[in-house]
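Read through the structure below, which is laid out as structure tokens, and then see the notes.
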Amino acid sequence: MDKIQEISVLQKQMQDCKKIYFSELKPSDLDEDLCVVYAITNFRTNEILYVGKTTKLRRRLYTNHLMGNLATARLKKYLIDDPLITNVSDLESAKQYIKNNCYFQYVEEPDMRKRGQLEGLFSYLLNVRYVDKEH
């Protein structure tokens, strides 16, 4: 399979993956040690807000993004700093925004290098609103 076909298959896997809504999320719903690339979407606008990668699905999505502080939850920081989202001004309102408006989907990818490539590729292809600054 060439790279273009592989990208197409992976993008379809992401789109066809079950939507997991933050409003219904419990830690036990997620495997802990699952290596994935994930996309967080605002279901009201269908805008992809964030794409990330992780080797610890539960910790990253539940503990960090939903329950975490600004140091561990970049999406919350982006929401607080976004002048177009006027109803988010602090950590708690960012958490409520995510719970009330967002779901995530993911594709498994055990290879670290490929996860990084997919994160960048999906960020581009899905026209993600918030993209991490380079380190």
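The values are calculated or read from the model by the stated rules, or taken from the named source; none is laboratory data. Keep in mind it's a predicted model, so treat the numbers as computed, not measured. Here the Cβ is made from the backbone with ideal geometry for all residues, glycine too, and neighbour counts use every protein chain on show. Accessible surface areas use protein heavy atoms only, side chains included; no ligands, DNA or RNA. Shrake-Rupley method; radii C 1.70, N 1.55, O 1.52, S 1.80 Å.
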Q: Mind checking which of 94, 121, 110 is farthest towards the positive end of segment 91-135's charge dipole, using Cβ charges of +1 (Lys, Arg) and -1 (Asp, Glu) about the Cα centre?
A: 94
Q.
Can you compute 3J(HN,Hα) from phi for each residue in segment 41-54, using the Karplus curve 6.51 cos²θ - 1.76 cosθ + 1.60 with θ = phi - 60°, rounded to whole Hz and x for Gly and Pro?
A. 10, 7, 6, 6, 10, 6, 8, 7, 8, 7, 10, x, 9, 7
**Q.** Low-density loop cleavage sites - trypsin sites (Lys or Arg not before Pro) in segment 1-95, where at most 15 other Cβ are within 10 Å (DSSP)
**A.** 18, 19, 44
Q | Cα-projected label distance for residue 81 with residue 108, points at 7 Å along beta-carbon direction, nm | A | 3.5
Q.
Which one, 39, 80, 61, projects farthest toward the positive side of the charge dipole computed for the chain from Cβ point charges (K/R +1, D/E -1)?
A. 80
Q: For n ≥ 4 DSSP H runs only, could you compute -39500 (n - 2.57) per run for the chain, divide by its residues and tell me the 222 nm figure to the nearest 500?
A: -10500 deg cm²/dmol
Q) Short version: ³J(HN,Hα) in whole Hz for each residue of segment 77-85, in order, from phi by Karplus 6.51 cos²θ - 1.76 cosθ + 1.60 (θ = phi - 60°), x for Gly and Pro, what are they? A) 4, 4, 5, 4, 7, 7, x, 7, 10
**Q.** Computed magnitude of the charge dipole of the chain (debye, nearest 20; Cβ of K, R +1, Cβ of D, E -1)
**A.** 160
Q) Which loop-located chymotrypsin sites (Phe, Trp or Tyr not before Pro) does segment 28-106 contain, where loop means any DSSP state but H, G, I, E or B and the Cβ has at most 15 other Cβ atoms within 10 Å? A) 43
Q.
Treating only the Cβ of Lys, Arg, Asp and Glu as charged (+1, +1, -1, -1), what charge dipole size does segment 63-135 show about its Cα centre? Round to the nearest 20 debye.
A. 40
Q: Kindly give Rg over Rh for the chain, based on alpha-carbon atoms, with the Kirkwood expression for the hydrodynamic radius.
A: 0.95
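Please list 84, 79, 70 in order of solvent-accessible area, largest first, computed with a 1.4 Å probe with all protein chains present. Walk me through the intermediate numbers first.
On the way: 84 140, 79 0, 70 85 Å².
So the residues, ranked largest to smallest area, are 84, 70, 79.
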Q. For the Cα atoms of the chain, what angle does the longest principal axis make with the long axis of helix 3-16, in degrees from 0 to 90, nearest 10?
A. 40
